[in-house]
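Notes to accompany the following structure.
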Amino acid sequence: MKKSSFVALVMGTVSGMLFALGMCMALLPEWNAFKEGIIFGSIGIFIGIITLLVWCKMENKKLPKMSGKNILRVIYAVVSALVLGLGMCMCLVWQQIIWGTLIGMLGILMLIALIPMIKGIK
């Protein structure tokens, strides 16, 4: 594993965990930590942006261009992650195991479809 990939892996994991913890803190009323959750989530997003910049610098690559195609890919990725999260919520919060599992599997398939959408099929 290259050094740049390892650094991106560690920083990306930390940013994702901070963002996820922040969203849980903000959105679960039982935790009573809305303001702290917003702070943690914002720090997670900030570290994620820094991760992208550091990785591009270490790989001597330019930042991805903001084309319409890339924006649609990002929107698709966000919707896919939300579908997966909805399935998880249906299983864990609303006790709708069968529908939650089916919707969660749909979200996973949508996320897997990102690979050929971005890399292409050869």
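Tell me yes or no: at least one residue of the range 72-84 is more than 30 Å from S4 (Cα to Cα), free of Cβ contacts under 8 Å to residues at least 60 places away in the same chain and assigned by TED's automatic domain parsing to the domain that holds G120.
Yes, the range 72-84 contains a residue that is more than 30 Å from S4 (Cα to Cα), free of Cβ contacts under 8 Å to residues at least 60 places away in the same chain and assigned by TED's automatic domain parsing to the domain that holds G120.
One line per residue, one yes/no per condition, for (1) under 25 Å from I108 (Cα atoms); (2) in contact with a helix residue (DSSP H, G or I) (Cβ under 9 Å, 6 or more places away or on another chain); (3) aromatic (F, W, Y):
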residue	(1), (2), (3)
A33	no, yes, no
P64	yes, yes, no
V74	yes, no, no
A77	yes, yes, no
L82	yes, yes, no
G87	yes, yes, no
C91	yes, yes, no
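The conditions are (1) surrounded by fewer than 15 Cβ atoms within 10 Å (Cβ to Cβ); (2) over 19 Å from the mean Cα position of the chain (by Cα); (3) closer than 24 Å to L114 by Cβ, and I50 fails exactly one of them. Which is it?
Every listed condition holds for I50 apart from (2).
Which of the residues that make up the range 47-71 are touching a residue at least 12 places away in the same chain (Cβ under 8 Å) and either of a type outside the set (D, E, K, R) or not in a helix (DSSP H, G or I) (or both)?
Selection gives I47, G48, I50, T51, V54, W55, M58.
The values are calculated or read from the model by the stated rules, or taken from the named source; none is laboratory data. Fair warning: this is a prediction, and the values are worked out from it, not measured in the lab. No Cβ is skipped: glycine too gets one built from the backbone with ideal geometry, and neighbour counts run over all protein chains shown.
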